Each structure stands twice: as C-alpha cells, then as structure tokens.
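Asker: One structure coming up, written as structure tokens, with questions to follow.
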Amino acid sequence: MKPLVLHMRACNFFGGPERQIIGHVKHSHHFNHKILSFSDNGRRDDLADKCLQEDIAFEKVTSKSAYDPSSVFELRRILKDSRPAVICSHGYRTTILSLLAKSGMSIPLIVFSRGHTGENGKVKLFEAIERKAIAFSDGVVAVSNGYADYLRQTGVTAKPIRVV
Amino acid sequence: MDEIWPAIRASHKDASLTIVGRNPMKALAERVSSLESVKLTGTVDDVRPYVEQAVVSTKVGAEGLEVRHGENLLIADTPADFAQAVSRLFTDGTLRASMGRSGRQLVEKRYQWRRLSEKLGEIWRDAAAEKARLN
C-alpha cells in the first residue's frame, strides 16, 4: 500500500497554493493523498469544491472560527484514523494546528513556506508565530533559495530547508 | 507607479498597465482608480492569459528560477533600468517573441510537475524515514 500524504490548507479562496496542492496530488503517483480543508462558520470552501470536481480524496474540518479549539481535536481524530506517513502544511494556521494535534504521534510534519506577506498586523503576528513553530516541524519546503535564506535569517535554523 | 510607469508612458503614450492579483492594497486601488491607462484586475480565475508574454523582472522576482538575463527574460533592479527594459521589448518585436518563446520552453523543460513531484517524493520519504529512525 502506498504511504499517505495528508495536505492541509485553511483558505476559502482557490489560488496559487491551492493549485499547487492539487498539482502535487495529481502528479505524485507513488503516494496516496488526502486534502484537509479548514473552513470557518460555513464560509465557502473552494478547495473542497475543487477536490470534489477532480475526484480527489478530501475532508472538511469545520469550526466556528479560526480560533475554535475543537478543530485541534477534530484534526487529532483524523490523524488517528488515517495514519498518514507525512503531514504537509500549507499555511501558518495549519502548521500551528498540526503541531498541536499531532502531539505525541510519530508523524512527520513538512511545512510548505511560500512567503510571508505581513499584509496586516494579525497576519504579521501569525507569520511570526509560524516561524517559531517551524522549529518543531520535521522540515521546510521553500519556493526559492532566496526565500530559504530569508527564513534562516529570521530564525528558522533548526530544521532542514529544502528548495523546490 | 511613481517612477517606472511614468517613464514608460513618456516614451510609449499608448501603453497600458494591468496589475493582476487578489486583494490589492486599498491605497493602490485608490491610486489606480483615477488613471485610465492602468487596470487593476483583483482576483482572476486563471492567471495564464496575463503571463504568456516576455518578462521583465527584478532579481528578487526571479529568485530561485534557472533563468538567464537576455535569454529567458530581462532583469532590471532600478526604476530606470526597468522602464528601459520594458521599452526595449515594446520596440523590438523579434526580441519580445524570442524571449516569450524561450521563457515558455524553460518552464516546460525545468518546471514540470513530474520533476517537482520527484523532489517532493524524496522529501516526504526522507522525513518519514528520519521520523522512523528517531523512534
């Protein structure tokens, strides 16, 4: 049986990262894949809709808000049930949720880091938290050598950073 | 908007600028609203129609890509150089066509899903093996 890669993304919009996740799923044939999408309070979930269209395994984790602790327990249940070989987090929220949910489990977490926008105070804060949280992950995938250098300069030194 | 675009318009009066991408900053949207020559698309369903062109980029914009200045794209890091590079592509149709073609070929050759998937597969396998080793 092929190992399972669990991709996690919390964004109601279907943009570049979501396209890449779908691309990885459709082209990495040596693995099974499942996508977890996190949506708050009944907001639209374009990634889940796309998975449905493309016949890709997915599961929606719904919560009252981005800060609803029930999503940690829900994610922990999913991890126990699906036993993924690897978790891939695509965004600061899922990185933090994964670290909390997989506590005590022997599942590696790979963080995809595509760039920190710092578009407002809240995002800046969560991006700073993610940079700290990455130290507890099992590896980082950066989108360029320059960005990998930036991550190292901002304190992400504990884990291997691989560039794709 | 302050330096490059006026310099381009000074020599190419009919030039238009399209800024593509979701969630444009409010200040940018306000700035652009009064300019007939500039269009802000916001979110688009598919970005490809906008990028199938010859490219001018800063070094940072092309970071991590195996591109060569003058062959696959033009690199320009100052406003004056950037405006000059865009003007060069406007006036040299042969260069514009060859650069667009060459950029496309590079992407098709180097940045295929298959190659990316191989790299990612290696990363996933290494992470799982390392975790197993530590336990």
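The values are calculated or read from the model by the stated rules, or taken from the named source; none is laboratory data. Everything numeric in this text was worked out from a predicted model, so none of it was measured. Reconstructed Cβ throughout: ideal geometry from the backbone, glycine too, with neighbour counts over all protein chains shown.
Asker: Out of all the residues in the range A:37-57, is one or more hydrophobic (A, V, I, L, M, F, W, C), surrounded by 19 or more Cβ atoms within 10 Å (Cβ to Cβ) and within 17 Å of A:Val86 (Cβ to Cβ)?
Answerer: Within the range A:37-57, not a single residue is hydrophobic (A, V, I, L, M, F, W, C), surrounded by 19 or more Cβ atoms within 10 Å (Cβ to Cβ) and within 17 Å of A:Val86 (Cβ to Cβ).
Asker: Check off (1) within 10 Å of chain B (Cβ to nearest Cβ); (2) surrounded by fewer than 18 Cβ atoms within 10 Å (Cβ to Cβ); (3) closer than 28 Å to A:Tyr147 by Cα for A:Leu109 and give me the number that stays unchecked.
Answerer: The failed condition is (2).
Asker: Mind checking whether some residue in the range A:20-31 is outside any strand (DSSP E or B), hydroxyl-bearing (Ser, Thr, Tyr) and within 11 Å of another protein chain (Cβ to nearest Cβ)?
Answerer: Yes: one or more hits.
Asker: Still on this structure, please answer the following. Considering only residues of the range B:1-37 that are more than 19 Å from B:Val86 (Cα to Cα) and polar (S, T, N, Q), which is modelled with the lowest pLDDT?
Answerer: Filtering the range B:1-37 for residues that are more than 19 Å from B:Val86 (Cα to Cα) and polar (S, T, N, Q), the one modelled with the lowest pLDDT comes out as B:Asn23.
Asker: Hey, among the residues in the range A:76-106 that are among the hydrophobic types (A, V, I, L, M, F, W, C) and within 12 Å of the chain's Cα centre (by Cα), which one's nearest to the other protein chains (Cβ to nearest Cβ)?
Answerer: Filtering first and then ranking leaves A:Val86.
Asker: Return the total of residues in the range B:1-36 being part of a loop (DSSP other than H, G, I, E, B) and either surrounded by 14 or more Cβ atoms within 10 Å (Cβ to Cβ) or aliphatic (A, V, I, L, M) (or both).
Answerer: Qualifying residue count, the range B:1-36: 7.
Asker: If you check every pair at least six apart or on different chains, which have Cβ atoms under 8 Å apart with a residue in the range A:108-121 that is under 18 Å from A:Leu97 (Cα atoms) first and a residue that is basic (Lys, Arg) and part of a loop (DSSP other than H, G, I, E, B) second?
Answerer: From residues that are under 18 Å from A:Leu97 (Cα atoms), the pairs are A:Leu109/A:Lys102.
Asker: Quick check on my filter: what residues within the range B:28-66 are under 23 Å from B:Ser98 (Cβ atoms), among the polar types (S, T, N, Q) and without any contact (Cβ under 8 Å) to a residue 40 or more places away in the chain?
Answerer: B:Ser57, B:Thr58
Asker: Counting only residues that are more than 24 Å from B:Ala7 (Cα to Cα) and either touching a residue at least 40 places away in the same chain (Cβ under 8 Å) or within 14 Å of chain A (Cβ to nearest Cβ) (or both), how many does the range B:67-82 have?
Answerer: Number of matching residues: 1.
Asker: Determine, yes or no, whether B:Leu40 is away from every other protein chain (no Cβ under 14 Å), modelled with pLDDT under 95 and part of a strand (DSSP E or B). Break it down into steps so the answer makes sense when it comes.
Answerer: Values: away from every other protein chain (no Cβ under 14 Å): yes; modelled with pLDDT under 95: yes; part of a strand (DSSP E or B): yes.
Answer is yes for this residue.
Asker: Of all residues in the range A:32-60, which are part of a loop (DSSP other than H, G, I, E, B) and within 14 Å of chain B (Cβ to nearest Cβ)?
Answerer: Hit for the range A:32-60 is A:Arg44, nothing else.
Asker: Starting from the range B:106-129, take each residue that is farther than 13 Å from B:Glu66 by Cβ and without any contact (Cβ under 8 Å) to a residue 60 or more places away in the chain and list its partners that are of a type in the set (Gly, Ala, Ser) and surrounded by 17 or more Cβ atoms within 10 Å (Cβ to Cβ), counting only C-beta distances under 6 angstrom and pairs at least six apart or across chains.
Answerer: As it stands, the answer is B:Ser117/A:Ser28; B:Gly121/A:Ser28; B:Ala127/A:Gly139; B:Ala128/A:Ala85, since those pairs meet every condition given.
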